[in-house]
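The values are calculated or read from the model by the stated rules, or taken from the named source; none is laboratory data. Nothing here was measured: the structure is a model prediction, and the numbers come from that model. Here the Cβ positions follow ideal geometry from the backbone for every residue, glycine too, while neighbour counts run over all protein chains shown.
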Amino acid sequence: MEITTLELLSVVTWLIGVVLLAVRMPTSIAIGIVSARILVSYSYFAGWWGKQWTLLDDLNYLNTGEKYLNSGFSTIELLWNQDARQKLQDIVGSEHYVYNGLNAGCIEAFGHNYYATVFINIIIGFVGGELYSQLLERVGFAQKWHSAARICRECHLHYFTWTAMLNLKETLVETCILAMLNCGMALISKRQALSIAMGVLSAILLASLRSYVPAIIASALAIHILSTLSFRWKFLCVTASLFATPYAFKLASMAGIYLQPAQILNGSVQFMLTPRPWGIVDEYSFLVLAATQQWLLIPLAFVGSAVAWKHCDRRWRVILYAAVLFIAFYGAVEELRGPRHRVQFTSLYSFLEFNGLICLISLYRKGSLSALHIDERILRERRRYYPYSHRLNNESQLPVVAFHRY
């Protein structure tokens, strides 16, 4: 019996997903999570659901990719041929053509099948999950909770639903965001030259997908540096901001047309609560469960944010800064308040929800957050991370507390 393209992509994606997830969690759980995601996508595209959901953007990505291939260029030529890049840019009508190129590559490899890019996005999402786990390590999150936090991220219904059915670039954007945050935190803690190169590459790729996102991530890292680290790092941060001034002015001139600063508060609430589970239009009816989960877990995100700010390792705050900046930005731009943009920082948001969950569990079991304590290993990490910590009068003044045991 001949294997169809859909079946081939399902099997390959399943294998890659299991390999990537099994590194961070028990193999049986990894198999269960990946199997559920692949089953949803396979059954949906096999027509078992009897209904299809598409948006204008996803079809546009596919069609522009096909037009590019019909112009006589191949996808691989985009890497070195300026004429090929210019042709795709002309077809797209924008400098944000990388994802259209990805669609062209999927058409070239697997034919004109909408689901091909969706399965590639699922693989990209699994890679993003690995970057998420690495970010938790870099910010000092307790090792024993890594697997549970990763499971929470992979099973988050908002992320699960969007990536399983629709051909949208938000999955790639989120993966690049996690890569840029990883590189920033690695550069701060280890001063690796490779981190600079990978961070710049991630920023360039992000700029070709969503031009404003690198500025948001860079702002989160800058706030973290200015609020916690030594004068040397603050000086480097200010110096780097001078080099970024032209880019900032360009973004400001573009954003000035769309930004509505007076609407940040109301817009942020609308952004986080859209759509309402009881008022979803047919076009977004696939989001009923995801929207319900979003409404139910918002209190956990608030609890997790408060604890991350007051009680935990200050490195955690970079995640909080990034999430708040994303919410504020999308709240200030009315055109971008749709739920699809939340996919870009679902990993960051799910971390805050998970943090709130384990805090409530601790309060229920212990009656307090007394399980938050410091041991010698944590103190050694603090001294290495905060270069001037030895100047404090005693260890209790160190600005870091970590979840070490529940």
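Counting the residues of segment 79-99 that are without any contact (Cβ under 8 Å) to a residue 24 or more places away in the chain, within 18 Å of L201 (Cα to Cα) and aliphatic (A, V, I, L, M) gives 1. Scanning segment 167-212 for residues that are without any contact (Cβ under 8 Å) to a residue 60 or more places away in the chain and assigned to a loop (DSSP other than H, G, I, E, B), we see that the one that is surrounded by the fewest Cβ atoms within 10 Å (Cβ to Cβ) is R191.
Considering segment 274-289, and only residues there that are closer than 19 Å to E335 by Cα and without any contact (Cβ under 8 Å) to a residue 40 or more places away in the chain, the residue that is surrounded by the fewest Cβ atoms within 10 Å (Cβ to Cβ) turns out to be V281.
Annotation: I124 fulfils all but one of (1) closer than 17 Å to T54 by Cα; (2) touching a Ser or Thr at 6+ places or on another chain (Cβ under 9 Å); (3) surrounded by fewer than 21 Cβ atoms within 10 Å (Cβ to Cβ); the unmet one is (1). Being in contact with a strand residue (DSSP E or B) (Cβ under 6 Å, 6 or more places away or on another chain), in a helix (DSSP H, G or I) and farther than 21 Å from Q293 by Cβ, is that true of even one residue in segment 336-345? Looking for residues that are in contact with a strand residue (DSSP E or B) (Cβ under 6 Å, 6 or more places away or on another chain), in a helix (DSSP H, G or I) and farther than 21 Å from Q293 by Cβ, one finds none in segment 336-345, hence no.
Here is a list: L39, L62. Which entry is hydrophobic (A, V, I, L, M, F, W, C), within 21 Å of G338 (Cβ to Cβ) and within 24 Å of the chain's Cα centre (by Cα)? From the options L39, L62, the qualifying one is L62.
For I29, which of the numbered conditions (1) aliphatic (A, V, I, L, M); (2) more than 23 Å from E283 (Cβ to Cβ); (3) touching a Phe, Trp or Tyr at 6+ places or on another chain (Cβ under 9 Å) fails to hold? Failed condition: (3).
This table checks each residue for (1) charged (D, E, K, R); (2) surrounded by 20 or more Cβ atoms within 10 Å (Cβ to Cβ).
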| site | (1), (2) |
| --- | --- |
| S28 | no, no |
| W49 | no, no |
| D57 | yes, no |
| L62 | no, yes |
| I76 | no, no |
| Q89 | no, no |
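Would you say A116 is surrounded by 22 or more Cβ atoms within 10 Å (Cβ to Cβ) and assigned to a helix (DSSP H, G or I)? Yes. In segment 119-146, the qualifying residues are those that are touching a helix residue (DSSP H, G or I) at 6+ places or on another chain (Cβ under 6 Å) and polar (S, T, N, Q), and the one that is nearest to S195 (Cα to Cα) is Q134. Taken together, the criteria place F326 among residues that are within 22 Å of F354 (Cα to Cα) and either modelled with pLDDT of 75 or more or loosely packed, with under 12 Cβ neighbours inside 10 Å (or both). Listed by position, the helices (runs of 4 or more DSSP H) inside segment 32-113 whose residues that are of a type in the set (S, T, Y) number at least 2 are 56-70.
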